[in-house]
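Enquirer: One structure is given below, represented as structure tokens, and several questions about it will come after.
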Amino acid sequence: MSNILSRMYILGIETSCDETGAAVIDTSFNVYSNVVASQTEIHSKYGGIVPEIASRNHIIKIYSVVEEAISKSGLSFEDIEVIAVTRSPGLMGSLLVGVTFANGLAYASKKKVIGVNHLEGHLAAIRLSSDVLKPPFVGMVVSGGHTNIYEVKKWGEYTQIGTTLDDAAGEAFDKVSRLLGFGYPGGPEIERYAKYGNEDLIKFPSVMPDRIDVSFSGLKTFVIDYLKKNPINSEQDKFDIAASFQLAVARTLFERAVLASNITGIKKILFSGGVAFNSYIRDYFLAHSVDHDLEIFFPEKRFCTDNAAMIAAASVRRIEEGSFDDVFSLTASPSSEL
Ligand code: KG4
Ligand code: ZN
């Protein structure tokens, strides 16, 4: 990358779901600020995200979150040349808040704008950790909305080779957490309680172990069936189910990493998205990778769950290509295609 590019500053904006995020990075992936205003508390009383409430809260928060990201960056707004914003996929009302705000800001301040795919953001999050992983690699985006496996030939060239046939992995964490009477979001809750449980107590079978596609709804159904036959009698019962379920998710995902490596002949695996925040699953991947000669990469935890630094990171290849969007035509889209 040229010196000129390495001096460019990017404001990232993320509003695809229930986090209002803004971040300032540069084209060498240095992060100057990364502000995330979570709506978790608001949605937790409904047990999941309420789209209408999410978009209204983005409107309330976006201005102050962007202002905070700029002030924390130590830079001034004039230093920023590019505004990168999540344009797809996600909740339409939520996406529109970010895209409309970014377009307005870019137009008024004569800055460039780039619409980013959120899933590319999850992949590009790894570049914020000193840009260690170079394509080709297998990229697994495992979040609340997606469980997608890509062959990444180069940054910007993604071939999906596997996905979930029903629920995303994070969604399964959220649903099983609800079944066990734990809170929302379910991933962190299950991870916390699983520490007290015996993961070997319940042997949840692998669903379609030989296929690259996964079915987390199938795994959730095993949990429901188990609960019907074995009603919960104690807190310990819940901890054991949480631990056994978490192991089943880790195993299911790792089996797909191995299959993806066999299909592509690529040994480097990137595991990203909100579920990659889970230390148990990270450790499982690292421990088992040795047997399969795989090299595993994770973004830093703070860049695994939704944030705007990863959105800005995904825009860097577009800046390098000189491929910017037009403020008059950039719009939100629910499509997840990369
Ligand atoms: O990437 P993300 O922040 O948002 C989406 O793009 O969906 O992912 C959110 C998902 C939620 O389903 C949440 O339960 C899950 O990531 N998650 C976790 C953990 N932290 C968040 N899953 C397992 N273990 C965790 N520690
Ligand atoms: Zn996400």
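Each reported figure results from applying straightforward, stated rules to the coordinates on display, with no laboratory input. Quick caveat, the model's predicted, so the values are computed rather than measured. Here the Cβ positions follow ideal geometry from the backbone for every residue, glycine too, while neighbour counts run over all protein chains shown.
Enquirer: Using alpha carbons only, how many angstrom separate the centre of region 210-225 from the centre of region 228-287?
Expert: 12 Å
Enquirer: I'd like to know which of 234, 273, 310 lies farthest towards the positive end of the charge dipole of region 196-338, counting +1 on Cβ of Lys and Arg and -1 on Cβ of Asp and Glu.
Expert: With unit charges placed on the Cβ atoms, the residue in question is 234.
Enquirer: Along the charge dipole of region 134-298, which of 149, 186, 159 sits closest to the positive end, that is, farthest toward it, with unit charges on the beta carbon of Lys, Arg, Asp and Glu (+1, +1, -1, -1)?
Expert: 159
Enquirer: Have a look at the DSSP beta bridges in region 134-298 and tell me what percent are antiparallel, nearest 5.
Expert: Among the beta bridges of region 134-298, antiparallel pairing accounts for roughly 60 percent.
Enquirer: Place a point 7 Å from the Cα of residue 211 along the Cα-to-Cβ direction; which residues of region 158-179 have their backbone N under 19 Å from it?
Expert: Those under the cut-off are 160-172.
Enquirer: FRET efficiency for residue 236 and residue 203, Cβ-Cβ distance as r, R0 = 22 Å, nearest 0.05?
Expert: Efficiency, from the Cβ-Cβ distance: 0.80.
Enquirer: Mind pulling the angle between the C-alpha long axis of helix 279-292 and the longest principal axis of the chain? Nearest 10 degrees, somewhere in 0 to 90.
Expert: Rounded to the nearest ten degrees, it is 80.
Enquirer: Still on this structure, please answer the following. For region 19-30, what does the Karplus curve 6.51 cos²θ - 1.76 cosθ + 1.60, with θ = phi - 60°, yield as ³J(HN,Hα) per residue in whole Hz, taken in order and with x for Gly and Pro?
Expert: Each residue's phi maps through the Karplus curve to give 10, 9, x, 9, 8, 10, 10, 10, 6, 9, 6, 6 Hz.
Enquirer: Averaging sequence separations of C-alpha pairs under 8 Å and six or more residues apart, then dividing by the length of the chain, give the relative contact order as a whole percent.
Expert: Taking the mean separation of contacting Cα pairs over the length of the chain, I get 25 percent.
Enquirer: What is region 134-298's relative contact order, in percent, from Cα pairs under 8 angstrom and six or more apart in sequence?
Expert: About 27 percent, as a whole number.
Enquirer: In the chain, what % of DSSP beta bridges are antiparallel (nearest 5)?
Expert: 55 percent
Enquirer: Suppose every K and R has +1 on its Cβ and every D and E has -1 on its Cβ; what is the size of the dipole of region 134-298 about the Cα centre, in Debye to the nearest 20?
Expert: 200 debye
Enquirer: Let's see if you can work this out: charge +1 on each Lys and Arg Cβ, -1 on each Asp and Glu Cβ, no other charges. What is the dipole magnitude of the chain about its Cα centre, in debye to the nearest 20?
Expert: 40 debye
Enquirer: Using the alpha-carbon centroid of each, what span in Å lies between region 1-79 and region 95-151?
Expert: 12 Å
Enquirer: With an 8 Å cut-off on Cα pairs and a minimum separation of 6 or more residues, tell me the relative contact order of region 1-117 in percent.
Expert: RCO, region 1-117: 30 percent.
Enquirer: Given the pairs 203/268; 154/267; 203/301; 134/267; 203/228, which are separated by over 22 angstrom at their Cα positions?
Expert: 203/268; 203/301
Enquirer: Of 73, 217, 64, which has the largest mean-square fluctuation in a 10 Å C-alpha GNM of the chain?
Expert: 64
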